[in-house]
Amino acid sequence: MADTAHPYLADVGCAEAFLDKIADRDPTFLSVPEKRQALRMTAHLASRAQAMHARVIACADDVADADGCRDVAAWVAHRTHTSGAAARRLQRLGVACELRWHRVGTALAGGHVSVDQGHVMVAALDDLTDAFDLVEASAEEWSAMLARAETYLVEQAADFGPRELGRLAERLLEVVAPEWAEKVEEEQLRAAERRARRRTTLGVRHLGDGSAIIRAQVPESVALRLTTMLESFTNPRRADEPAADGRRVPYERRLGEAFCSLLEAIDPSRLPLHGGDATTLVITMDLTALVEGLGSATLADGSRITAGEARRLACTAHLVPAVLGTKSVPLDLGHANRLFSPGQRKALAIRDKNCRADGCTIPSTWCEAHHLNPWSAGGKTDLDNGILLCNHHHHLIHDDRYLHQRMPNGDLRFTRRT
């Protein structure tokens with residue numbers, strides 16, 4: 001005599017049979033109002049099915065133990081060919097609802113909240129639980145407050161989606177226990193700042209192709225400050241500004257270029273001394289390369305750059321070229337006085353008002369001073385030999401793929417070599 005299926009399994013089997021029946025029907029020919037309704041109903045059905053799945057996962061540790069799996073999420077991922085991360089996320093939701101947040105679990109099972117909303121609510125309530133040590137409250141008072149918080153979130157889920165619920169959760173304590181909100185927020189922010197400082201790192205990895213990857217983890221306030229500084233370089237440019245080849249420049253690339261510009265614009269006198277100077281960058285290059293802008297130059301760490309880039313840096317950076325003769329004997333250790341003085345920069349800004357490339361409107365405050373007759377070729381650092389160029393056109397004037405000519409009004413017109 002065959003064993004009778006457990007009622008739970010029998011009902012799941014019936015649901016599967018209904019799904020088979022639905023799968024045989026084609027929704028293509030539904031009317032627009034019917035498709036709207038079908039979208040809502042199928043989303044609701046899928047969310048309830050996931051909630052039921054999470055509930056089973058929460059009580060199925062014995063399955064993992066019986067089959068020697070690390071946990072039930074690993075068992076589900078392997079046996080059902082699904083994502084391990086998704087199974088583990090459902091496991092956390094199911095366990096949280098089973099052990100701690102019964103109102104959320106009931107609302108999920110009844111289809112009153114979606115699984116995405118459930119994840120947000122559980123995370124917010126767990127975070128709130130961890131704040132107990134930050135206030136002077138009895139366990140009973142804190143437990144009652146958590147119950148109010150859970151009820152509040154479940155009620156708000158009727159009107160707000162996951163993102164909006166997350167924003168409400170950020171101020172949850174102000175709603176359910178305003179007397180503790182300020183102290184908890186202050187302590188949480190202080191702890192977050194301490195963690196951020198401990199985790200602050202920066203690494204540089206040279207790729208060997210002329211570029212390097214800079215990877216950093218910094219406090220949010222530092223990241224915002226850096227972004228604000230970088231956007232001061234990019235703001236005057238149109239968001240859809242095309243590159244020299246006509247393609248649109250992605251925002252990330254423009255931020256990267258702004259980062260390079262920021263480093264070149266830093267006032268060396270404001271930085272700590274390093275090896276006797278603040279930011280002196282020694283570049284070793286052949287005399288012919290310095291004069292003609294052809295060939296290459298070597299940085300202090302052995303990296304190589306083109307002579308043209310070295311000449312461009314001579315316009316803006318605090319660098320010293322160690323010029324070598326034919327037998328690689330140092331001929332001259334240049335001086336950093338090639339840079340235009342603050343007074344000269346102000347005079348150039350008054351005179352030029354913006355980038356002097358033909359048609360460019362980048363204001364003078366975001367421009368760099370360029371020697372028309374290169375300093376390395378004997379050009380003087382004076383107003384007659386200076387012109388303001390934005391970062392983009394300053395790179396272009398040192399790019400041998402482009403020609404430039406002086407127009408009658410003093411502007412520069414660029415054309416790509418054919």
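Quick note: the coordinates plus some simple rules give every number you see, no bench work behind them. Since the model is a prediction, treat every value here as computed from it, not as a measurement. Positions of Cβ are backbone-derived with ideal geometry, glycine not excepted, and every protein chain shown enters the neighbour counts.
Go through 54-60, 189-195 and give me the packing order, highest mean Cβ count within 10 Å leading.
The packing order, highest mean first, is 54-60, 189-195.
Would you please report the Å³ per residue occupied by the convex hull of the alpha carbon atoms in segment 2-98?
144 Å³
Can you return the lysines within cross-link range of Lys35? Criterion is Cα-Cα under 30 Å, with same-chain partners fewer than 8 residues away left out.
Lys21
For the peptides 153-160, 86-93, 15-22, what is the packing order when you average, over each peptide's residues, the other Cβ atoms within 10 Å and list the highest mean first?
86-93, 153-160, 15-22
Under 16 Å between alpha carbons, and skipping anything fewer than 8 positions from Lys346 in its own chain: which aspartates and glutamates qualify?
Asp267, Glu368, Asp382, Asp384
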